[in-house]
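Taking it in order: structure first as structure tokens, then the write-up.
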Amino acid sequence: MATATPGKSRAPTAAQGLSADDMKDLLHPVKNAKSIELKASVPMGQHQHMVLSIGLDPVEALIRHVHLFDTADQAPNRAGLSVRARRRPGGRADTVIRLRPVDPAMIDAELKRSEAFKVEVDAMPGGFFVCSAS
């Protein structure tokens, strides 16, 4: 199995958990991140089952409207730039500009201490992972 480096990826394989090698590969970017956020991709037909199986109440869940911006030729996306606007209940909104891939170890320490700055690691089974900064 090839070793992944931050910002590099291997194609995902079967939908199973991260292997021991994948977990080892994740230690480098994770040790330089402030927090870890767990996300799940769930096929449309399994949404209700997933929501109920993790104890969420679909009626009480917070709905968010999310818009991702790009140009027709997708040049920003190809350059690793992602722009997202999100509206929450009550009219609250936020905008995030994200750059990926990044190597968390190469980011200025003062910038990493900022509450407004965030480093994320996205990981999937099969060793696909990428670090981003926003």
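The values are calculated or read from the model by the stated rules, or taken from the named source; none is laboratory data. Remember, predicted model here, so these are calculated numbers, not experimental data. Glycine also receives a Cβ, built like all others from the backbone with ideal geometry; neighbour counts cover every protein chain displayed.
For the reader, a short list of remarks on this structure follows.
- The lone criterion from (1) over 25 Å from Phe129 (Cβ atoms); (2) of a type in the set (Val, Ile, Thr); (3) modelled with pLDDT of 85 or more left unmet by Ile97 is number (1).
- Test result for Pro58, modelled with pLDDT of 80 or more and loosely packed, with under 14 Cβ neighbours inside 10 Å: no
- Close Cβ contacts (under 8 Å, 6 or more residues apart or on different chains) running from residues in the stretch 85-107 that are at negative phi to residues that are part of a loop (DSSP other than H, G, I, E, B) and at pLDDT 90 or above comprise Val96/Ser134; Ile97/Ser134; Arg98/Ser134; Leu99/Gly80; Leu99/Ser134; Arg100/Gly80; Pro101/Gly80.
- Test: Arg87 is charged (D, E, K, R) and at pLDDT 90 or above: yes
- Count of the stretch 34-49 residues which are under 16 Å from Lys118 (Cα atoms) and at pLDDT 80 or above: 0
- The residue of the stretch 61-80 that is surrounded by the fewest Cβ atoms within 10 Å (Cβ to Cβ), among those that are in contact with a strand residue (DSSP E or B) (Cβ under 8 Å, 6 or more places away or on another chain) and closer than 29 Å to His47 by Cα, is Val66.
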